[in-house]
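Inspection log for the structure reproduced underneath, given as structure tokens.
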Amino acid sequence: MASAELQGKYQKLAQEYSKLRAQNQVLKKGVVDEQANSAALKEQLKMKDQSLRKLQQEMDSLTFRNLQLAKRVELLQDELALSEPRGKKNKKSGESSSQLSQEQKSVFDEDLQKKIEENERLHIQFFEADEQHKHVEAELRSRLATLETEAAQHQAVVDGLTRKYMETIEKLQNDKAKLEVKSQTLEKEAKECRLRTEECQLQLKNLHEDLSGRLEESLSIINEKVPFNDTKYSQYNALNVPLHNRRHQLKMRDIAGQALAFVQDLVTALLNFHTYTEQRIQIFPVDSAIDTISPLNQKFSQYLHENASYVRPLEEGMLHLFESITEDTVTVLETTVKLKTFSEHLTSYICFLRKILPYQLKSLEEECESSLCTSALRARNLELSQDMKKMTAVFEKLQTYIALLALPSTEPDGLLRTNYSSVLTNVGAALHGFHDVMKDISKHYSQKATIEHELPTATQKLVTTNDCILSSVVALTNGAGKIASFFSNNLDYFIASLSYGPKAASGFISPLSAECMLQYKKKAATYMKSLRKPPLESVPYEEALANRRILLSSTESREGLAQQIGTLTRSPDSEVPDVESREDLIKNHYMARIVELTSQLQLADSKSVHFYAECRALSKRLALAEKSKEALTEEMKLASQNISRLQDELTTTKRSYEDQLSMMSDHLCSMNETLSKQREEIDTLKMSSKGNSKKNKSR
């Protein structure tokens with residue numbers, strides 16, 4: 001369970017790791033795109049800065065030229081103002097000088113006009129550059145706002161991922177702590193298991209030594225006491241009495257009692273069904289009290305009147321079978337002789353069904369030909385005809401399989417033992433088929449009775465008879481369902497109980513051997529009862545030792561024994577017995593001693609058999625203990641491998657998460673640095689643009 005939970009947690013962590021890895025790749029791509037955008041913005045800012053510097057230089061040069069021109073215009077105006085009064089005084093003398101000043105003035109005017117146009121053009125260029133700068137600044141501001149929002153979103157995603165990473169790391173640390181605690185407990189359990197295995201090995205060794213000694217002793221006893229092994233040959237082994245299984249016999253008797261109850265219910269339902277069918281023929285389609293029924297129905301009624309002589313024996317045969325299964329018998333197919341009787345009674349009932357089937361079909365056809373029969377009633381009669389054929393066929397099939405099951409108790413070669421399970425399975429299938437047929441009959445007959453009750457000529461006697469027939473059909477259906485489910489529930493037990501028989505053999509060979517086995521079983525039971533009698537009084541131990549010393553020390557053992565037997569049997573008033581009476585006494589004494597020794601020998605034989613069975617049981621327990629030990633060692637190996645694998649996976653996942661966190665923190669730092677640089681550059685651009693605008697306004 002722990003390994004399954006760990007594998008499930010590991011799979012969840014792997015899925016989360018794959019999701020986070022995919023999100024990390026998306027973030028990396030976004031960061032790379034933002035870096036490329038920031039680099040492009042930097043290049044654009046550099047270009048704009050260069051263009052602004054050029055424009056600033058041009059503006060400076062133009063302002064300088066404008067100042068020079070303004071000064072020159074002022075000088076020229078001053079000169080013009082000074083030259084005008086002089087010209088009035090000396091018109092004549094200064095005609096040549098006026099012409100010269102007029103030419104200079106025209107030159108100055110042209111030059112001034114050019115400078116004014118150039119200044120106007122420069123103002124237009126400056127206005128366009130200022131508008132373009134404002135447009136670029138607005139675009140950069142909007143771009144900066146979008147970048148800030150994206151950076152905030154990325155920061156939120158990164159914060160969420162870091163939080164999730166921290167939670168997963170904390171969860172992994174908790175899981176690691178739990179796994180460490182679990183590994184410690186598993187190590188403690190492993191140590192305890194090692195100690196237990198060592199103790200089990202010691203116990204196993206001791207048991208092996210003890211069992212080997214007991215086995216050698218029992219083998220020596222068997223070799224000395226058993227004249228031959230009768231389990232080698234199946235003919236002899238079939239005569240051996242199997243171990244008495246009282247629980248098996250009680251269960252078989254209980255099952256037989258349940259089957260008897262079910263068969264009794266079926267017999268009652270069949271009797272009612274045939275009897276009420278006979279009554280129905282007497283009143284429908286023609287009432288015998290009013291008119292004469294057809295010869296066909298008369299014959300059919302005569303046959304139905306004999307149904308009890310065929311149905312009652314089924315109950316009697318099942319009762320005899322139940323009474324033959326007692327606690328003292330051995331119940332297998334070879335010993336159930338009464339099953340043959342039940343099979344014969346079932347065969348006679350099937351002959352009765354075959355005899356009445358044609359009359360039943362003709363009677364239904366006669367009902368269909370009457371003027372009272374409607375199309376719906378005719379359809380129901382046809383369905384009932386088919387159902388009656390199916391019912392007879394199902395009973396024939398069931399009788400075939402029951403006859404096969406009765407063969408082992410009468411004919412040993414009639415049914416192979418390997419086919420027992422298939423025959424029992426087919427019996428269960430036939431019972432289920434009987435239940436299905438009875439359900440169809442109940443359904444169709446209820447529909448038929450409903451239609452007949454709606455007829456205008458339907459009498460109360462017909463309604464009552466139909467209800468009785470329908471109740472008997474329902475009882476048959478219920479009984480068939482109960483016995484089918486009962487047989488299906490006990491089918492596995494029936495198949496398993498087929499192996500109940502002599503030890504180390506395939507089963508009983510013939511009914512004769514089974515009968516002989518039952519006789520031997522009775523003899524063994526009487527012998528065991530005789531062994532339960534209280535033992536005869538024996539000589540006290542001290543007296544026996546004293547007598548033994550006397551016998552060993554005496555040189556005249558025969559004469560001394562004879563003298564003792566005269567002293568034991570002679571009373572003070574009696575005479576010395578003769579030789580024949582003494583011989584009879586000695587013979588009786590030794591015969592009693594022989595009987596006592598044989599009883600002790602038989603008791604020792606029974607103890608040796610019991611001891612041999614105990615040795616076999618202990619050897620089986622030893623084998624099971626070895627298997628459990630191997631399974632425990634394999635489980636310990638798998639647990640240690642899982643622990644080491646999980647520890648390695650924890651370390652690798654922890655390292656990978658730490659590396660990812662460090663990479664994400666580095667990316668965040670680099671993004672923050674780039675954003676701060678972009679903000680500084682934008683601030684410088686703002687300051688420079690503000691200065692330029694102020695200068696332009698002042699100009």
Being touching a helix residue (DSSP H, G or I) at 6+ places or on another chain (Cβ under 7 Å), open to solvent by 60 Å² or more (accessible area, probe 1.4 Å) and without any contact (Cβ under 8 Å) to a residue 60 or more places away in the chain is the requirement here; does K397 meet it?
yes
Scanning the stretch 424-435 residue by residue, those surrounded by 18 or more Cβ atoms within 10 Å (Cβ to Cβ) and among the β-branched types (V, I, T) turn out to be V427
Lone unmet requirement of (1) open to solvent by less than 30 Å² (accessible area, probe 1.4 Å); (2) over 17 Å from F395 (Cα atoms) for M438
(2)
The residue from S142, S101 that alone is of a type in the set (G, A, S) and modelled with pLDDT of 75 or more is S142
Here is a check on your reading of the model: is L304 buried (at least 16 other Cβ atoms within 10 Å of the Cβ), closer than 19 Å to M391 by Cβ and either among the aliphatic types (A, V, I, L, M) or outside the structural domain of R253 (by the TED database) (or both)?
yes
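Okay, residues lined up against (1) more than 18 Å from S409 (Cα to Cα); (2) of a type in the set (V, I, T); (3) touching a His at 6+ places or on another chain (Cβ under 7 Å); (4) crowded, with 18+ Cβ neighbours inside 10 Å:
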position	(1), (2), (3), (4)
P313	yes, no, yes, yes
E327	yes, no, no, no
T331	no, yes, no, yes
L339	no, no, no, yes
E344	no, no, no, no
E366	yes, no, no, yes
S371	yes, no, no, no
Looking at L80 and the list (1) over 30 Å from A151 (Cβ atoms); (2) modelled with pLDDT of 75 or more, which single condition is not satisfied?
(2)
The lone exception for K362 - which of (1) under 48 Å from the mean Cα position of the chain (by Cα); (2) within 28 Å of Q447 (Cα to Cα) it fails
(1)
Failed item in (1) over 25 Å from K71 (Cβ atoms); (2) at pLDDT 80 or above; (3) over 60 Å from the mean Cα position of the chain (by Cα), with G160 passing the rest
(3)
Test for E170: is it modelled with pLDDT of 80 or more and either under 28 Å from S606 (Cα atoms) or exposed (fewer than 12 other Cβ atoms within 10 Å of the Cβ) (or both):
yes
In this structure, is E452 assigned by the TED database to the domain that holds Q282 and either touching a strand residue (DSSP E or B) at 6+ places or on another chain (Cβ under 6 Å) or surrounded by fewer than 16 Cβ atoms within 10 Å (Cβ to Cβ) (or both)?
no
Is at least one residue of the stretch 250-259 on the phi < 0 side of the Ramachandran plot, in contact with a Ser or Thr (Cβ under 8 Å, 6 or more places away or on another chain) and in the same structural domain as K482 (by the TED database)?
yes
For the stretch 204-225, indicate whether the set of residues that are in a loop (DSSP other than H, G, I, E, B), at pLDDT below 80 and under 30 Å from A524 (Cβ atoms) is non-empty.
no
Condition (residue is part of a helix (DSSP H, G or I) and within 20 Å of N272 (Cα to Cα)) applied to the stretch 405-427: is it met by at least one residue?
no
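Per-residue answers, yes or no, for (1) loosely packed, with under 11 Cβ neighbours inside 10 Å; (2) at pLDDT below 75:
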site: E580; (1), (2): yes, yes
site: L585; (1), (2): no, no
site: I594; (1), (2): yes, no
site: Q600; (1), (2): no, no
site: S608; (1), (2): no, no
site: C615; (1), (2): no, no
site: A623; (1), (2): yes, no
site: K627; (1), (2): yes, no
site: E630; (1), (2): yes, no
Could you tell me whether any residue of the stretch 229-249 is at pLDDT 80 or above and aliphatic (A, V, I, L, M)?
no
Which condition from (1) under 45 Å from the mean Cα position of the chain (by Cα); (2) modelled with pLDDT under 90; (3) open to solvent by 40 Å² or more (accessible area, probe 1.4 Å) is the one that A261 breaks?
(2)
Candidates L407, L353, L377, filtered to the one that is within 20 Å of T477 (Cβ to Cβ) and either among the aromatic types (F, W, Y) or crowded, with 17+ Cβ neighbours inside 10 Å (or both):
L353
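The values are calculated or read from the model by the stated rules, or taken from the named source; none is laboratory data. As the structure is a prediction and not an experimental result, all values here were calculated from the model. When we count neighbours, we look across all protein chains shown, and the Cβ atoms used for this are built from the backbone with ideal geometry, even at glycine. SASA here: full protein model, heavy atoms, side chains in, ligands and nucleic acids out. Shrake-Rupley method; radii C 1.70, N 1.55, O 1.52, S 1.80 Å.
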